[in-house]
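Notes for the one structure printed next.
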Amino acid sequence: ADLRSVVSWLNQSSSSNQIGLIGFCWGGLQAVLACSNMSDLFFTGVSIHGSAITADVVRPLKRPMLFIAASNDPPLQPNISSVIEQS
């Protein structure tokens with residue numbers, strides 16, 4: 001509901017019709033979910049140091065995403081990378 005409210009406000013306040021979303025840690029997971037479930041509202045997303053991202057979470061992605069890991073983060077699991085590449 002909060003994201004929909006922000007998008008509504010941005011659409012009324014700006015002439016742009018393409019909105020990107022950036023999330024850090026838990027917000028990175030929310031960015032992935034938003035680019036899957038609310039793809040009509042967002043053009044693209046960025047997940048920085050995203051937590052709890054699994055293959056099942058990225059499978060329904062409908063918008064391009066950039067995933068940025070912190071230096072001590074483990075790499076994305078191979079099954080997650082292959083799912084992302086298939087999208």
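The values are calculated or read from the model by the stated rules, or taken from the named source; none is laboratory data. Computed from a predicted structure; not experimentally measured. All Cβ positions, glycine included, derive from the backbone under ideal geometry; neighbour counts span all protein chains shown. Surface accessibility is based on the protein's heavy atoms, side chains included, excluding ligands, DNA and RNA. Shrake-Rupley method; radii C 1.70, N 1.55, O 1.52, S 1.80 Å.
Just a few scattered comments:
- Helix content alone sets the calculated 222 nm mean residue ellipticity of the chain: runs of n ≥ 4 DSSP H residues at -39500 (n - 2.57) each, divided across all residues, give -12000 deg cm²/dmol.
- Applying 1/(1 + (r/R0)^6) with R0 = 30 Å to the Cβ-Cβ distance of residue 5 and residue 56 gives a FRET efficiency near 0.65.
- Expressed as a whole percent, the accessible surface of the chain that belongs to carbon and sulfur atoms is 57, based on a 1.4 Å probe.
- Modelled label reach - residue 86, point 7 Å along Cα→Cβ, the stretch 22-66 residues with backbone N closer than 13 Å: 55-61
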